[in-house]
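The values are calculated or read from the model by the stated rules, or taken from the named source; none is laboratory data. Fair warning: this is a prediction, and the values are worked out from it, not measured in the lab. Neighbour counts run over all protein chains shown; Cβ positions are idealised from the backbone, glycine included.
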Amino acid sequence: MKDYAGKVLRVCMFTSVHHPDDVRVFHREARTLADAGHEVTLLVHADFDKEVRQGVEIIGLKKPRSRAQRLFGGWRFYLMSRRLNAEVYHFHDFELLPWGWLLQKTATARVIYDCHENHPETVLERAWLPEKIKPVLSRLVRWVEPFLARSLDAVICVVPDQAQRLRRAGCKTVLIRNFPRLEKFAAPAVVVKEEQIIYLGGLGVARGARLLVDIMKALKMSHPQVRLLCLGPFNEPRVEAEIKEYARQRQVDSCIDFIPRLPHDAVAAHLQRSRIGLIPWQPVPQMLKICYPNKVFEYMACGLPIVASDLPGLRHLIEPAGCGLLVKPDDVHAHVQAIRHLLDHPRQAQEMGERGSAYVKAHYSWRQESIQLRALYDRIGTAERSEDICC
């Protein structure tokens, strides 16, 4: 229901990386702005021309055939966005920064960069990049990002240290954290638990894909009935082939289900039927920083106890909530022992899940973050073009 009493803005969101059903881009931000009464159009790579979903008009651009085509195809988003003659351009990807900068120079509109990641660190995780050039690219990204972003009207950040880094470099930052819409995870009256543990989100070696296979190999000896559901895409086809072959060699391919992508509305049911949420991430630079991974909050919202690598990016979320067990990241035995303990002590596991559910409702709801997003757009609607819209 539209409940916005201020100026209605024509908003063009665009992303070359994320899919039309993306949790942050569509379900959190685009829908929040549409619910507030703004006219929101989302440009995204898709296999359809145009759809309207929950008040958001989605225009599909032809999907690129390769990563290179995607990286150098930002001009298509620029041209289409200019045709829409929006009052606010809100884009979501580092690779679109040059086109956002060009919009700032050529359009009489506000331009917002939504920075989802600590990009200088995430470059170091990219499996498709040669190892020798990763440090050089990381330093280049650390310089290029603020150089282009500081002229934009706002940079939306997801974690405090990211906002501080970009603010020190002269960018106008707003912190809107990556918290869940909790109504999506309301549990039904009766939930039948399955003999299933779950990993939610993107898969790669740094995210613990190989470790998950080793966990299932060890777990199979004591709990042969337990299955692992990996709900999320691999970061590279090469990595997917390697991990699936590794699972076959370890003779656990029959007890691991890989589902690359589901509609966001279908995720909660899989979580609620599972017994434990896993996060076997490895100590890569991104995870050594404070972060807000979707999976942590979604596990908590569904009342799942968590077994996670003891990394700063996870510890600061799980430890205060008392909702899980933290173990040495690269120690298969430690992960397996924690999982076995929770499987064999269901009452303790339930209490952990209940604590997590209560904590996420109190501290990690999108409701509060949506207020910050709407406030930013309120300021855009009332400020003169020359005025600063960031607090």
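Only one of the numbered conditions (1) farther than 28 Å from Trp128 by Cα; (2) modelled with pLDDT under 95; (3) of a type outside the set (S, T, N, Q) is violated by Arg67, and that is (1).
Filtering the stretch 85-95 down to residues that are of a type outside the set (Asp, Glu) and closer than 21 Å to Glu39 by Cβ, which residue is nearest to the chain's Cα centre (by Cα)? Looking at the filtered set, the residue picked out is His92. Looking only at residues in the stretch 16-37 that are farther than 17 Å from Tyr89 by Cβ and acidic (Asp, Glu), which one is farthest from the chain's Cα centre (by Cα)? Only one residue fits best here, namely Asp35. Looking only at residues in the stretch 307-357 that are surrounded by 19 or more Cβ atoms within 10 Å (Cβ to Cβ) and not hydrophobic (A, V, I, L, M, F, W, C), the one that is nearest to Ile290 (Cα to Cα) is Gly313. Within the set of pairs 6+ apart or on separate chains, which have a first residue in the stretch 258-273 that is touching a residue at least 12 places away in the same chain (Cβ under 8 Å), a second that is of a type in the set (Ser, Thr, Tyr), and C-beta atoms under 8 Å apart? The qualifying pairs are Leu271/Tyr299.
When the strands (runs of 3 or more DSSP E) confined to the stretch 1-107 are screened for residues that are surrounded by 23 or more Cβ atoms within 10 Å (Cβ to Cβ) and aliphatic (A, V, I, L, M), those reaching at least 2 such residues are found at 10-15, 39-45. Applying a threshold of 6 Å to beta carbon distances and a minimum spacing of six or more residues, or different chains, the list of pairs starting in the stretch 44-69 at a residue that is more than 15 Å from Leu96 (Cβ to Cβ) and ending at one that is crowded, with 17+ Cβ neighbours inside 10 Å and charged (D, E, K, R) reads Gln54/Arg31. One residue stands out in the stretch 234-261 among those that are of a type in the set (A, V, I, L, M, F, W, C) and in contact with a Lys or Arg (Cβ under 6 Å, 6 or more places away or on another chain): the one that is surrounded by the most Cβ atoms within 10 Å (Cβ to Cβ), namely Val252. Where the second residue is modelled with pLDDT of 95 or more and in a loop (DSSP other than H, G, I, E, B) and the first is crowded, with 24+ Cβ neighbours inside 10 Å and lies in the stretch 287-306, which pairs have Cβ atoms under 7 Å and are six or more apart or on separate chains? Going by the 7 Å Cβ cut-off, the qualifying pairs are Met300/Cys323; Leu304/Ser274; Pro305/Cys323; Ile306/Cys323.
Scanning the stretch 368-391 for residues that are of a type in the set (S, T, N, Q) and surrounded by 12 or more Cβ atoms within 10 Å (Cβ to Cβ) yields a count of 3. Is it the case that Ser274 is touching a strand residue (DSSP E or B) at 6+ places or on another chain (Cβ under 9 Å) and within 17 Å of Asp331 (Cβ to Cβ)? Considered against the rule, which asks whether it is touching a strand residue (DSSP E or B) at 6+ places or on another chain (Cβ under 9 Å) and within 17 Å of Asp331 (Cβ to Cβ), Ser274 comes out as no. Only a single item in (1) part of a helix (DSSP H, G or I); (2) under 25 Å from Asn294 (Cβ atoms); (3) out of contact with any helix residue (DSSP H, G or I) (no Cβ under 8 Å at 6 or more places or on another chain); (4) not acidic (Asp, Glu) is not met by Ile215, and it is number (3). Being of a type in the set (Asp, Glu) and under 23 Å from Gln69 (Cβ atoms) is the filter here; which residues of the stretch 15-50 pass it? Correct list: Asp21, Asp22, Asp47, Asp49. When Leu129, Leu137, Leu102 are checked against the criterion of being modelled with pLDDT of 95 or more and out of contact with any Ser or Thr (no Cβ under 8 Å at 6 or more places or on another chain), a single residue qualifies: Leu102. Filtered by the rule that a residue be part of a helix (DSSP H, G or I) and under 21 Å from Gly100 (Cβ atoms), the stretch 139-158 gives Leu140, Val141, Arg142, Trp143, Val144, Glu145, Pro146, Phe147, Leu148, Ala149.
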